[in-house]
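The values are calculated or read from the model by the stated rules, or taken from the named source; none is laboratory data. Note that this is a predicted model, so its numbers are computed, not measured. Note that each Cβ is placed from the backbone with ideal geometry, even for glycine, and that neighbours are counted across all protein chains shown. Surface accessibility is based on the protein's heavy atoms, side chains included, excluding ligands, DNA and RNA. Shrake-Rupley method; radii C 1.70, N 1.55, O 1.52, S 1.80 Å.
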Amino acid sequence: MFRILLRKFLEVFIFLLFIMFVSFLFIRLAPGDPVLTILNVDELSVSQEQVEAVREEMGFNDSLPVQFGNWLLDFVRLDFGVSYSTGQPVMQTLMRALPATAELTIGALLVMLVIAIPLGSLSALHRGSWIDRGSRLLSIVGAAVPSFWLGLILIDMFGVRFGNLPTMGRDGFTSLILPSLTLGLAISSVYVRLLRSSLLDSLSQEFVRSARARGVSEGRIFMLHAFRHSLPPVITVFGVSLGSLIGGVVVIEVLFAYPGIGKLIVDAIRQRDYPLIQGYILIMAIVVFLVNTAVDLSYRYLNPEMKLKEKEAHR
């Protein structure tokens, strides 16, 4: 376990350094001048001397390596800078919006689990039945429908026609239902198919036939053997697709005007708020890395065979 944690620590250091450099480079090379946004040149009369003075004060006249070095030194001191748009520390701004994104992500995952686990399991247990055909059809339809279009349909149905659910903002549990439902339905289609396929593979394994030959009940075989054995591929795809899930959260937050990190970062991109964008990328990189590390560690619990192979390899 110590070797695994040490290897993960080195991986996270290299991974974060690479992400920080690439994101810093791309943000600086993107078109637009944040100084013009800060000085609000669209509404105020600003001289070229004022623009140059602000640019010099903020270090934009320095070379890119010098700018990155200064940003890296601030990062080591846990100073992520001040947002150009809000005038507040970046980390404070992001942490204020993070709970809204976290509750939306958790809500979407709950919707996904409620749909994917029963449908995927029933499809595998009743292969070829009407349940299997219905779930496969639902998966195809779900994969083909874009999440933003599904969100517009739910807004029209429950917000406009019935008028019983809020469609904008964050105001209690009811405001979380439609965004979570939209995102959860969009991602559940993939996991229904994946769980079905993985379960069918598990149910055909030798250890399942051996358990049946010993007279173990079908319910026990499914819960303690087949279902557990089918989880690693599903969890692997979840870890890999976490970036897409975060991207989906951004779209849903903008669609429902949900005040999370996604909506915050879209506004930051429009205003060329470099420190806020950089801080967001860093936080998301850490979240993705932590989730993938948890996925790797979960293999040892879900698949004991892997743990035995590691022990044999270290002998």
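List of remarks:
- Charge tally in the Cβ shell below 9 Å around Arg136, where Lys, Arg are +1 and Asp, Glu are -1, Arg136 excluded: +2
- Whole-Hz Karplus values for region 184-201 come out as x, 5, 5, 8, 5, 4, 5, 6, 4, 5, 5, 5, 4, 5, 5, 5, 4, 5 Hz, taken residue by residue from phi with 6.51 cos²θ - 1.76 cosθ + 1.60 and θ = phi - 60°; glycine and proline positions read x.
- Taking every protein chain into account, the accessible area of region 124-246 amounts to 56 square angstrom per residue (probe 1.4 Å).
- Taking the average, over residues, of other Cβ atoms within 10 Å as the packing measure, peptides 192-199, 217-224, 105-112, 153-160 rank 192-199, 105-112, 153-160, 217-224 from highest down.
- Helical runs assigned H by DSSP (4 residues or longer) give the chain a calculated mean residue ellipticity at 222 nm of -24500 deg cm²/dmol, each run adding -39500 (n - 2.57) before division by the residue total.
- Protection-proxy order for peptides 259-268, 171-180, each taking the mean of Cβ atoms within 10 Å per residue, highest first: 259-268, 171-180
- Between Ala102 and Leu29, the FRET efficiency from the beta-carbon distance, with R0 = 35 Å, is close to 0.65.
- When the solvent-accessible area of region 213-278 is split by element, carbon and sulfur atoms take up 66 percent of it, the probe being 1.4 Å.
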